[in-house]
Amino acid sequence: MELLEQRIEQDGQVLPGNILKVSNFLNHQIDTNLLDQMGAEFHRLYADTKITKVITIESSGIAVAYPVAREFGVPLVFAKKHQSKNVDEDVYCAQVFSFTHGNTNNVVISKKYINKDDKVLLVDDFLANGKALEGLISLVEQAGAQVQGICIAIEKGFQDGGKNIREKGYRVESLAIVEKMTDDGRITFRR
């Protein structure tokens with residue numbers, strides 16, 4: 001998506017450790033107009049696909065997933081990183097390693113919100129090593145539901161996550177794929 005690539009070039013910051021900071025428009029301060037356009041583009045890409053739920057992981061994935069769920073007219077469910085008192089004990093659970101934070105979290109979804117009849121579209125802001133997606137896929141599989149596709153705002157194409165998920169047979173649509181980031185802040189996109 002050219003608009004997203006332009007915004008990454010304009011406002012993204014390359015930090016040490018292959019971190020792409022997009023806090024200015026995607027996951028701290030949110031450009032709602034841009035996200036609405038992203039939601040419309042994901043809807044266009046999956047228009048021929050039956051979807052009953054959109055699922056993401058808290059917290060940065062929620063902003064990206066909301067306009068997608070709205071476009072499809074289906075509920076948005078997000079996996080919580082901590083089982084709190086307001087989440088039933090009857091949950092699906094998976095362990096997820098966070099590249100950004102360098103730690104492992106148990107993520108949960110209440111069994112009330114996903115079942116074997118669901119056709120799921122997974123959505124996230126970033127795809128780097130694929131561990132968050134693997135956790136979400138595990139939650140969907142535990143419920144007996146089907147992953148119909150995966151929507152990613154920004155994929156780091158130089159890391160193996162996207163390749164590994166695609167090799168498992170999942171359809172992954174990324175709006176911007178970063179092929180290379182340099183220490184001087186230059187970003188090259190996959191064409």
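The values are calculated or read from the model by the stated rules, or taken from the named source; none is laboratory data. None of the values given here were measured: they were computed from a predicted structure. All Cβ positions, glycine included, derive from the backbone under ideal geometry; neighbour counts span all protein chains shown. Areas reflect the complete protein model, heavy atoms only, side chains present, ligands, DNA and RNA absent. Shrake-Rupley method; radii C 1.70, N 1.55, O 1.52, S 1.80 Å.
Computed values, structure above
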{"quantity": "Radius of gyration and maximum dimension Dmax of the stretch 87-144, Cα, Å", "calculated": "11.8, 35"}
{"quantity": "Accessible surface of the chain [probe 1.4 Å, protein heavy atoms]: carbon and sulfur percent", "calculated": "45"}
{"quantity": "With Cα atoms, 0 to 90° folded angle of helix 2-11 axis to the chain main axis", "calculated": "70"}
{"quantity": "Centroid-to-centroid separation of the stretch 7-58 and the stretch 157-185 [C-alpha atoms, Å]", "calculated": "14"}
{"quantity": "Test item: Cα-centred dipole of the stretch 86-191, Lys/Arg +1 and Asp/Glu -1 on Cβ, debye", "calculated": "380"}
{"quantity": "The stretch 1-124: antiparallel DSSP beta bridges as a percent of all, rounded to 5", "calculated": "65"}
{"quantity": "Accessible area per residue in Å² at 1.4 Å probe, computed on the chain", "calculated": "50"}
{"quantity": "Listed values [x] 26, 18, 15; [y] 43, 17, 14; [z] 25, 23, 20, entry calculated as semi-axes √(5λ) of the Cα gyration tensor in Å", "calculated": "[x]"}
{"quantity": "Sequence of MET38, MET181 when ordered by accessible area, the most exposed leading, probe 1.4 angstrom", "calculated": "MET181, MET38"}
{"quantity": "Angle between the chain longest axis and helix 32-45 axis [Cα atoms, degrees, rounded to 10]", "calculated": "70"}
{"quantity": "Simple Cβ-charge dipole of the stretch 1-58, Lys/Arg +1 and Asp/Glu -1, about Cα centre, in debye nearest 20", "calculated": "240"}
{"quantity": "Cα centre as origin, Lys/Arg/Asp/Glu Cβ charges: the chain dipole, Debye", "calculated": "360"}
{"quantity": "For SER174, distant residues with modelled amide H under 5 Å away", "calculated": "ILE152"}
{"quantity": "Helical contribution to [θ] at 222 nm, DSSP H n ≥ 4, -39,500 (n - 2.57), averaged over the chain, rounded to 500", "calculated": "-9000 deg cm²/dmol"}
{"quantity": "The stretch 57-170: antiparallel DSSP beta bridges as a percent of all, rounded to 5", "calculated": "50"}
